[in-house]
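Values in this text are rule-based calculations from the coordinates and carry no lab data. As the structure is a computational prediction, the values presented were derived from the model and not from experiment. Cβ atoms come from the backbone with ideal geometry, glycine included; neighbour counts cover every protein chain shown.
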Amino acid sequence: MANLYYNDRLIIAFTSLNQSDKQWSAGAEITWKSEGGRCSHSIGGLADRFKTSEDAEKFVIHLAKAWIDANP
């Protein structure tokens, strides 16, 4: 699991191993403060699979950063 800040938003990236095919999938939660409250956006249900946890994590962090850039 990776936690990092990007443009004042916290990205929590996580991976999971599919036991049947030994491939990794990833998801992320993005949170930020807005007008006195907290907001969040989830990235999940992705069909992409990877041979390593690190590759899956890098992929979902890239998606999360792209989402942040598109939703300032």
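Per DSSP H run of n ≥ 4, the term is -39500 (n - 2.57); total these for the chain, divide by its residue number, and report the mean residue ellipticity at 222 nm rounded to 500 deg cm²/dmol.
Taking each H run of at least 4 residues, the total per residue is -8500 deg cm²/dmol.
Quick one: which residues, 5 or more positions from GLN23 or on another chain, have an amide H under 5 Å from its amide H? H modelled 1.01 Å from N in the peptide plane, none for Pro or chain starts.
ASN18
Ordered by packing density, taken as the mean number of other Cβ atoms within 10 Å over each peptide's residues, highest first, how do 51-64, 31-44, 5-18 rank?
51-64, 5-18, 31-44
For the chain, what relative contact order do you get, as a whole percent, if you take Cα pairs closer than 8 Å and at least 6 residues apart?
The normalised contact order for the chain reaches 29 percent.
Applying the Karplus parametrisation 6.51 cos²θ - 1.76 cosθ + 1.60 with θ = phi - 60° to the phi angles of the stretch 60-71, what ³J(HN,Hα) value in whole Hz is obtained for each residue in order, glycine and proline being reported as x?
Residue by residue, the stretch 60-71 yields 6, 5, 4, 4, 5, 5, 5, 5, 4, 4, 7, 10 Hz.
Students often get this wrong, so try it: which of (i) 62; (ii) 59; (iii) 50 is percent of Cα pairs over 15 Å apart as calculated from the structure shown?
(iii)
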